[in-house]
Amino acid sequence: MTDTDSILATVAEWRRGGKDVALATVVSTWGSSPRPVGSQLAVNETGTFVGSVSGGCIEGAVIQEALDVMSSGAPRLLDFGITNEQAWDVGLTCGGKVQVFVEPVE
Amino acid sequence: MKRALLDDLLAAQANGDPVAMVTRLPTGGQALVGLAGAQGDLRLDDDALAAVRVAIAADRSTTLQAAAGRLFVHVFNPPLRLIVVGAVHIAEPLSRMAALADFGVTIVDPRRAFTVRRPFEDLGVLEEWPDEALETMGLDHRTAVVSLAHDPKIDDPALAVALRSPAFYIGALGSRKTHAARLLRLRRAGFGDADLDRVHGPVGLAIGALSPAEIAISIMAEVTQVRRQGAKERA
């Protein structure tokens with residue numbers, strides 16, 4: 001079983017257990033980026049998460065966005081990178097840029 | 001993501017079917033595209049479906065522009081496989097490293113004296129003649145075969161099956177002299193230059209590896225290079 005498989009299996013398990021879940025996926029990267037396109041992070045309503053979308057620098061922000069997505073039900077496309085002030089705030093230390101899609105799992 | 005689509009994706013993975021989850025950015029309509037069909041609330045035209053299948057074949061998740069908008073194509077291929085022929089010392093670190101790199105690993109060795117030893121009891125060894133075992137497994141373009149047995153009775157039949165398959169990497173442990181003798185035997189068995197060029201030998205990148213773990217690193221480095229950059233011209 002690969003990393004990504006086990007994340008999606010966890011998503012299905014959480015949903016079967018009645019938990020709200022949001023799934024974050026790296027959809028594009030520029031420059032040096034610690035996690036390749038397709039890397040995923042899943043979050044449930046309690047804030048528990050599995051997987052990763054960076055070397056750890058934007059996970060906190062992504063998890064917060066994921067909790068918002070769970071309550072609003074609408075997906076979001078997030079940009080993190082050196083041109084983005086938020087990225088400076090959360091500190092994308094690798095100097096690259098990543099775009100992360102966060103979607104609710106129905 | 002709709003639950004039904006997630007369940008279909010998990011089922012495709014359990015079946016070993018190559019698929020891609022296609023998402024329209026940023027609004028989130030989705031389609032699960034396989035080699036035969038597509039399902040979901042996102043409609044894709046033939047051009048988009050063809051582009052998605054190119055991404056599946058290249059094993060590369062990507063974004064692309066289509067009539068339907070900007071699409072994220074998330075490729076889910078069955079795991080790569082590594083078949084290690086010979087339950088020799090190097091097989092242990094090689095199997096563990098390959099598993100870390102998301103390969104499904106099978107060790108094949110018909111010699112009970114080798115396979116009953118720890119750690120192979122833990123790793124699980126197919127105790128069969130490699131030609132039969134490899135025929136049964138069905139080697140595809142996502143399979144790598146590395147022979148380590150140092151015994152032509154075991155290595156050669158495995159290499160012969162690998163050469164008749166689309167395996168993306170074929171490697172054989174042994175010195176240049178051993179390798180030259182091996183190529184001669186394979187040539188006598190009917191394989192031509194194009195076949196023999198597919199065998200990486202001596203196996204692995206030349207990084208001065210000495211210990212079993214270091215040799216495993218050099219083999220995994222070469223397997224990774226071939227996977228990511230394609231087979232290179234070799235001296």
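The values are calculated or read from the model by the stated rules, or taken from the named source; none is laboratory data. This structure is a prediction, so every number in the text was calculated from the model and none was measured. Backbone-built Cβ (ideal geometry, glycine too); neighbour counts: all protein chains shown. Note: accessible area is taken over every heavy atom of the protein model, side chains too, but ligands, DNA and RNA are not part of it. Shrake-Rupley method; radii C 1.70, N 1.55, O 1.52, S 1.80 Å.
What do you reckon, is B:H150 touching a Pro at 6+ places or on another chain (Cβ under 8 Å) and open to solvent by 60 Å² or more (accessible area, probe 1.4 Å)? No: the conditions fail for B:H150. Residue check: B:T136 meets all listed conditions (1) in contact (Cβ under 8 Å) with a residue 12 or more places away in the chain; (2) outside any strand (DSSP E or B); (3) over 29 Å from B:S211 (Cβ atoms) but one, namely (1).
Only one of A:D89, A:D68 is surrounded by fewer than 17 Cβ atoms within 10 Å (Cβ to Cβ), at pLDDT 90 or above, more than 14 Å from every other protein chain (Cβ to nearest Cβ) and part of a helix (DSSP H, G or I); which?
Numbers: A:D89 fails: at pLDDT 90 or above.
It is A:D68.
Candidates B:R60, B:R111, B:R164: the one that is open to solvent by 30 Å² or more (accessible area, probe 1.4 Å), without any contact (Cβ under 8 Å) to a residue 40 or more places away in the chain and away from chain A (no Cβ under 14 Å) is B:R164.
Any residue at all in region B:112-121 that is part of a helix (DSSP H, G or I) and either in contact with a Pro (Cβ under 9 Å, 6 or more places away or on another chain) or aromatic (F, W, Y) (or both)? Yes, there is a match, as at least one residue in region B:112-121 is part of a helix (DSSP H, G or I) and either in contact with a Pro (Cβ under 9 Å, 6 or more places away or on another chain) or aromatic (F, W, Y) (or both). From the list B:D122, B:D102, B:D131, the one residue that fits, being at pLDDT below 95, on the phi > 0 side of the Ramachandran plot and open to solvent by 50 Å² or more (accessible area, probe 1.4 Å), is B:D102. The set of residues in region A:15-41 that are within 11 Å of another protein chain (Cβ to nearest Cβ), surrounded by 15 or more Cβ atoms within 10 Å (Cβ to Cβ) and without any contact (Cβ under 8 Å) to a residue 60 or more places away in the chain comprises A:V37, A:G38, A:S39, A:Q40. Go through B:A11, B:A55, B:A50, B:A36 for me and flag whichever is surrounded by 16 or more Cβ atoms within 10 Å (Cβ to Cβ), on the phi < 0 side of the Ramachandran plot and more than 9 Å from chain A (Cβ to nearest Cβ). The unique qualifying residue is B:A55. Only residues that are over 23 Å from B:G138 (Cα atoms) and open to solvent by 10 Å² or more (accessible area, probe 1.4 Å) were counted across region B:63-87, and they come to 9.
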